[in-house]
1. Please work out the FRET efficiency for the pair residue 213 and residue 47, using the Cβ-Cβ distance as r and a Förster radius of 35 Å; give the result to the nearest 0.05.
2. Of the residues 200, 133, 53, which exhibits the maximal mean-square fluctuation in a Gaussian network model of the chain defined by a 10 Å Cα contact cut-off?
3. Determine the gain in length on full extension of the stretch residue 233-residue 272; use 0.36 nm per residue of separation and subtract their C-alpha separation, reporting nm with one decimal.
4. Quick check: residue separation of residue 293 and residue 56 times 0.36 nm, minus the Cα distance between them. What number comes out in nm?
5. Computed over the Cα atoms of the chain, what is the ratio Rg over Rh, Rh following Kirkwood?
6. Could you work out which residue, out of 30, 194, 226, moves most in a Gaussian network model of the chain, that is, has the largest mean-square fluctuation with Cα springs under 10 Å?
7. By counting other Cβ atoms within 10 Å of each Cβ, how are 139, 175 ranked from fewest to most?
8. Between residue 285 and residue 75, how high is the FRET efficiency from 1/(1 + (r/R0)^6) when r is the Cβ-Cβ distance and R₀ = 25 Å? Nearest 0.05.
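Just so it is clear, none of the values below were taken in a lab; they were calculated from the coordinates. Predicted, not measured: the structure shown is a model, and the values here were computed from it. Cβ atoms come from the backbone with ideal geometry, glycine included; neighbour counts cover every protein chain shown.
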Amino acid sequence: MTITTQALFETEAAVARNGVGKPGLLHPVRVTGLGVAVPPARLTNADLEQMVDTSDEWIVTRTGIRERRIAAPEVATSDLALAAARAAIADAGIPVSEIDLLIVATITPDHLFPATACLVQAGLGLPGIPAFDLSAGCSGLAYALDQAWHGLAAGAYRNALVIGADTLSRIVDFSDRRTAVLFGDGAAALVLHRGEPGEDAGILASHLGADGRGGSLLILPAGGSRKPASHATVAAREHFLRMNGQEVFKFAVRILEESTRQVLAKAGYSPADLDLFVPHQANIRIIEAARERLGLPPERVVVNVDRFGNTSAASIGLALAEARERGRLRPGALVALTGFGTGLTWGSILLRWTKTENDGGQK
Ligand code: COA
């Protein structure tokens with residue numbers, strides 16, 4: 001089905017009218033740790049030329065992607081998530097035992113159950129704390145950050161570990177050139193810390209949304225309760241993702257701009273105030289179109305889609321970490337993280353970068 005632009009605007013207007021996202025927050029919350037994990041193996045456009053009828057020229061021109069990372073057969077989503085989690089906790093400089101909430105955003109869990117978050121929890125040696133998965137596709141990290149932020153701000157938790165991790169290579173049909181070239185594997189983790197009232201806030205606003213009418217535009221048809229695994233579903237290659245690329249493209253360009261404007265407006269800012277825009281890395285043409293609509297110069301936009309492709313829930317975290325590594329995240333910088341994905345879903349987090357250690361460092 002097709003989602004009209006008008007319908008999505010109506011959804012947005014309803015969200016804005018309801019004032020969602022403006023609860024009475026008691027505690028400031030800031031990012032104190034950031035860590036990533038990507039598999040070492042690279043799948044280049046030249047490699048893909050050997051697998052499907054495509055060309056480096058087509059892929060670069062239409063998507064901006066040159067290579068992506070692919071997990072080794074024995075590596076699953078929880079392994080990447082755990083590695084990113086350990087890096088983020090080390091970056092935060094706290095003992096693992098200080099974490100009291102764990103959320104993993106993923107659409108490629110190790111299993112339908114138990115939750116990948118529980119596997120990560122076991123790996124960290126953190127029994128007892130709440131741990132759950134969150135399914136919001138490539139908006140997953142923004143969704144999970146929103147949920148952790150509200151839990152911390154309300155005083156329910158002190159240090160949350162929020163992970164976006166996916167191994168989309170496991171559900172991509174490498175015989176389908178329309179999707180095979182787009183996706184890669186990776187994980188990103190953030191530690192969020194609850195401060196005391198009166199301290200500077202890191203996270204300033206969030207803006208989430210969904211429109212389930214677009215659910216069929218990007219879907220994994222089989223393997224769930226609607227179509228359990230069978231010889232027939234495997235023969236029909238229904239355990240691989242299906243996508244209507246053109247419709248998702250149109251949605252993405254519009255929502256990337258709209259959600260970013262909305263999250264800025266919630267905190268009283270406009271796009272001109274943004275120091276760094278960290279959009280979901282799906283396609284350079286989507287990023288460029290949104291950048292132009294927001295009136296942002298290229299130096300304020302983080303792009304790494306050329307080297308990682310679309311890593312789904314890990315995407316904005318990987319991009320944020322790279323921005324920090326390159327010294328682009330000075331303390332006090334106003335940063336917007338904006339994702340969009342299957343559902344359809346979208347989500348933005350607006351924050352002031354408050355962490356100073358390791359910025360521009362070696363990670
Ligand atoms: N190599 C060569 N040709 C390809 C190709 C590939 N890898 N993939 C598709 N094509 C062909 C198509 O078959 C089509 O050929 P035809 O005209 O003979 O039928 C032609 O290229 C144009 O296809 P189209 O789908 O119109 O291309 P596009 O410019 O829309 O680009 C996407 C396709 C998928 C790159 C683009 O639509 C996109 O990025 N969409 C958003 C996807 C996304 O972000 N998904 C994740 C959301 S979280």
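1. Values: r = 37 Å, r/R0 = 1.05.
Step by step, r from the Cβ atoms, then E = 0.45.
2. Its mean-square fluctuation being the largest, the pick is 53.
3. Details: separation 39, 0.36 × 39 = 14.04 nm, distance 4.93 nm.
Here the answer is 9.1 nm.
4. On the way: separation 237, 0.36 × 237 = 85.32 nm, distance 2.81 nm.
Full extension from residue 293 to residue 56 adds 82.5 nm.
5. Working: Rg = 19.2 Å, Rh = 20.3 Å.
Rounded to two decimals, Rg/Rh equals 0.94.
6. The residue that fluctuates most here is 226.
7. Numbers: 139 33, 175 11.
The fewest-first ordering by Cβ neighbours comes to 175, 139.
8. On the way: r = 31 Å, r/R0 = 1.22.
Rounded to the nearest 0.05, the efficiency is 0.25.
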